[in-house]
Amino acid sequence: MSLQQFMNEAISPWMKQDGPDSDIVLSSRIRFARNFSQYPFPIVAGEETLEKVLEVFKNEFKHQSFRDYKDFEIVQMNDLQSIEKRVLVEKHLISPHLADHSKHSAAMVSQNEQVSIMINEEDHIRIQLYFPGFQLDRALEQASQLDDWLEEKIDYAFDEHRGYLTACPTNVGTGMRASVMMHLPALAMTQQINRMTPAINQLGLVVRGIYGEGSEALGNIFQISNQITLGKSEEDIVEDLHSVVKQLIDQERRARQAIMNRSAVQLEDRIFRSYGVLKNSRIIESKEAAKCLSDLRLGIDLGFIDHIPKTILNELMVLTQPGFLQQYAKATLNPDERDIRRASLIRERLHLENKE
Amino acid sequence: MECQECNQRPATVHLTQVINGQKTEVHVCEQCAKEKGYMNYGEEAFTLNDLLSGLFNTEGTHPISGQKSQSYSHSQQLKCPTCGLTYKEFARLGKFGCADCYKTFDDKLNPIFRRVHSGNTQHDGKIPHRQGGDLHLKKEAEDLKATLQKLIEQEEFEEAAKVRDKIRSLDSQLHRGEDGE
């Protein structure tokens, strides 16, 4: 495995598997923030310290395997071009923060890209583990085992009363952020998601739009995650999130059904128009592409369209972002050029699939 | 009213932040407001850090008397012996510098954590396996004590006696561990 592999494929191997409730939940993620007890946190640490932290991973964990996650590869940020870093951000393998703070920072990624461990991010260690579909419990179980695996060799900054000590007070305690990525077009169409957000916030959970600026949800994709990390166990946090996500799934299915009952033709029209745009446009902005891809995904889930596999949509969602477009074009592109390139890439991918 | 950042110039900028229903007031002079980023209305939006800094600097002047509180000047002088981060820097950055900062600033942290974590200040989650040592037993004993209390309140004395015995056995295990060290 090499950096090239991470760069070439838009979607990670694990994303090709189907998960439970995958008509609505794209992925489940658990992230743990951890620090070495003996070193200052990256924000104040000197270069020597950061280097030592990185060395531990190079010496102890590189090319090791944990469960089914074989052969961890370490990608150092210093070795990457800015477009390459952007591609890794778009694949969610690294955070924008890690890409920006390149000195002695790195990501240790498993072969199937399901596990990514960021080194010298805001904290020394950020473990993240993804599962396709709605599998928070499994993600927590395995992330926790992975955490134990690291703890065999690393002394964590931990306090009996405060829990895992992190750079930011918002992560202290469990250091855990559990999140679920959801496609909620019907709740968005009927404006219900806006009404539900305050109630969800009251439970210590946050709803965010992804791929959009601010809270705008581009492509009707929302991320639901926990805000509170102190005073609750990991299991309780996941259980709270689980029950809210379950509710959202039910509500989304109900809203889809309601739209189908009331205005099936209008919905069908919208879906096929979007399909038409994707198949035929020569210039397409990311916002329109995301909207049309959302419609197309809904069309597949509702059975209007049956010849396009959903994995292609996952792939296009990532491929049509600026970093990947430029990586694909092997050149730096201005926004106008990107819109043209985006349109041609989508056409190419969808027509290719039609023939098969 | 004095500026709560420099404690010298009069406070002319008054900001109110409402987070999770908790109201926080910031009173600073114009210069500090600019320097500390309270007036970043330009390109950069109000960031999480700005919000957090606001939370950490809550104890400036006493709301009624206008007197500078003792704890404020005391906290400004706090400095982590391990990484050298001062409380002032911590408040500005919204970030700890190392694990020992948690001990250095301990007296100041509960109000902050309560605001950020819906009233919680104590960890109730995972304990690291290798480092955790006796903590696992200790936590189990604590949980059992809470159960015991409940059982007594419910007058389920038979069950309570069983739980009490378990606690005793855990306690003796814990003490044995201490003696051995």
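Run B:S75 past the list (1) at the interface with another protein chain (Cβ under 10 Å from one of its Cβ atoms); (2) at pLDDT below 90; (3) in contact with a Lys or Arg (Cβ under 8 Å, 6 or more places away or on another chain) and report the number of the one that doesn't hold.
It fails just one condition, (1).
Among the residues of region B:99-111, write down those that are in contact with a helix residue (DSSP H, G or I) (Cβ under 6 Å, 6 or more places away or on another chain) and facing chain A (nearest Cβ under 7 Å).
none
The conditions are (1) within 14 Å of chain B (Cβ to nearest Cβ); (2) over 20 Å from the mean Cα position of the chain (by Cα); (3) within 13 Å of A:E121 (Cα to Cα), and A:Q38 fails exactly one of them. Which is it?
Every condition holds for A:Q38 apart from (3).
Could you grab me the full set of residues in region A:319-356 that are part of a helix (DSSP H, G or I), at pLDDT below 95, of a type in the set (A, V, I, L, M) and farther than 24 Å from A:N220 by Cβ?
A:A329, A:L352
So in region B:78-98, with the set limited to residues that are among the hydroxyl-bearing types (S, T, Y) and not in a helix (DSSP H, G or I), which one is nearest to the other protein chains (Cβ to nearest Cβ)?
B:T82
Being closer than 30 Å to A:H124 by Cα, under 21 Å from the mean Cα position of the chain (by Cα), within 14 Å of chain B (Cβ to nearest Cβ) and touching a residue at least 60 places away in the same chain (Cβ under 8 Å) is the requirement here; does A:V238 meet it?
Against the criterion (closer than 30 Å to A:H124 by Cα, under 21 Å from the mean Cα position of the chain (by Cα), within 14 Å of chain B (Cβ to nearest Cβ) and touching a residue at least 60 places away in the same chain (Cβ under 8 Å)), A:V238 qualifies.
Answer yes if at least one residue in region A:2-22 is over 29 Å from A:E234 (Cα atoms), within 14 Å of another protein chain (Cβ to nearest Cβ) and hydroxyl-bearing (S, T, Y), and no otherwise.
no
Report the residue count in region A:171-203 for those that are surrounded by fewer than 21 Cβ atoms within 10 Å (Cβ to Cβ), facing chain B (nearest Cβ under 10 Å) and in contact with a helix residue (DSSP H, G or I) (Cβ under 7 Å, 6 or more places away or on another chain).
Here the count works out to 1.
Might you check whether a residue that is at pLDDT 90 or above and away from chain B (no Cβ under 14 Å) occurs anywhere in region A:211-218?
Scanning region A:211-218 turns up no residue that is at pLDDT 90 or above and away from chain B (no Cβ under 14 Å).
Run A:D137 past the list (1) buried (at least 17 other Cβ atoms within 10 Å of the Cβ); (2) within 18 Å of the chain's Cα centre (by Cα) and report the number of the one that doesn't hold.
Checking A:D137 against (1) buried (at least 17 other Cβ atoms within 10 Å of the Cβ); (2) within 18 Å of the chain's Cα centre (by Cα), the one that fails is (1).
From the list B:R92, B:R115, pick out the single residue that is modelled with pLDDT under 95 and under 24 Å from A:L203 (Cβ atoms).
Answer to the selection: B:R115.
Looking at (1) of a type in the set (G, A, S); (2) under 28 Å from A:P13 (Cβ atoms); (3) surrounded by fewer than 18 Cβ atoms within 10 Å (Cβ to Cβ), which is the one condition that is false for A:G276?
The one condition A:G276 does not meet is (2).
Provide a single number: the residues in region A:261-310 that are part of a helix (DSSP H, G or I) and aromatic (F, W, Y).
Summing the residues that are part of a helix (DSSP H, G or I) and aromatic (F, W, Y) in region A:261-310 gives 2.
When you look at B:H117, is it over 27 Å from B:H175 (Cα atoms), free of Cβ contacts under 8 Å to residues at least 24 places away in the same chain, facing chain A (nearest Cβ under 7 Å) and not polar (S, T, N, Q), yes or no?
Yes, satisfied.
Would you check which residues across region A:148-162 are surrounded by fewer than 24 Cβ atoms within 10 Å (Cβ to Cβ) and under 19 Å from A:K232 (Cα atoms) and list them?
Hits for region A:148-162 are A:F158, A:D159, A:E160, A:H161, A:R162.
Which residues, counting only those in region A:252-289, are among the aliphatic types (A, V, I, L, M) and closer than 18 Å to A:D23 by Cβ?
Of everything in region A:252-289, those that are among the aliphatic types (A, V, I, L, M) and closer than 18 Å to A:D23 by Cβ turn out to be A:A255, A:A258, A:I259, A:M260, A:A264, A:L267, A:I271.
Take region A:152-165 and flag every residue that is at the interface with chain B (Cβ under 7 Å from one of its Cβ atoms) and outside any loop (DSSP other than H, G, I, E, B).
If the condition is that a residue be at the interface with chain B (Cβ under 7 Å from one of its Cβ atoms) and outside any loop (DSSP other than H, G, I, E, B), then A:Y156, A:F158, A:D159, A:G163 are the ones that fit.
Say whether the condition of being surrounded by fewer than 20 Cβ atoms within 10 Å (Cβ to Cβ), at pLDDT below 90 and not aliphatic (A, V, I, L, M) is met by at least one residue in region A:311-318.
yes
Run down B:Q122, B:Q154, B:Q149 and say which single residue is within 13 Å of chain A (Cβ to nearest Cβ) and polar (S, T, N, Q).
Only one candidate qualifies: B:Q122.
Just to be sure, is A:L140 more than 21 Å from A:Q38 (Cα to Cα), within 14 Å of chain B (Cβ to nearest Cβ) and not in a loop (DSSP other than H, G, I, E, B)?
yes
The values are calculated or read from the model by the stated rules, or taken from the named source; none is laboratory data. All figures in this text were calculated on a predicted structure; none of them were measured in a lab. Glycine gets a Cβ as well: all are built from the backbone with ideal geometry, and neighbour counts include every protein chain shown.
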